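Just so it is clear, none of the values below were taken in a lab; they were calculated from the coordinates. Predicted model, so just to flag it, every value in this text is computed and none were measured. Reconstructed Cβ throughout: ideal geometry from the backbone, glycine too, with neighbour counts over all protein chains shown.
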C-alpha cells in the first residue's frame, strides 16, 4: 500500500471522530490529533482500533503513544504494513 493511500484512509478514519466544531479541512499531516483536532482520548482509542482493522495490523502501546500527529500515524502504518 502506498503512502498516499494510507494517508487517504487515515483522513477518512480521523474525520469520523472530529468534534462538531472542527472542520474536515483541519486535518493536515502535522495536525496533532488531540490538541489541533480536538479528539478526546476515548475517540483516540477508537481511531487506533479502526486503523488496526483497516490495515490489518496490530498496534502496541509504544505505537499508540507515538501516534500524536496524522503524520506519525502514517509513519507507523507504513512501517507495520511493510513488515
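Tabulated results
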item	result
Nearest-ten-degree value, helix 70-82 long axis tilted from longest Cα axis of the chain	20 degrees
The chain: most fluctuating residue of 47, 57, 27 per GNM, C-alpha cutoff 10 Å	57
Evaluated over the stretch 25-68, the Cα radius of gyration and Dmax, each in Å	10.7, 29
Inter-label distance for residue 21 and residue 79, nm, one decimal - labels placed 7 Å from Cα along Cα-to-Cβ	3.5 nm
Neighbour-count order for 41, 31, fewest beta carbons within 10 angstrom listed first	41, 31
FRET efficiency estimate (nearest 0.05) - Cβ-Cβ, residue 32 to residue 60, R0 30 angstrom	0.90
0 to 90° range, to nearest 10: angle between helix 3-16 axis and the chain longest Cα axis	40 degrees
Per residue, the convex hull volume that the Cα atoms of the chain enclose (Å³)	80 Å³
Under 12 Å from the residue 1 label point (7 Å along Cα→beta-carbon), backbone N, the stretch 18-56	50-56
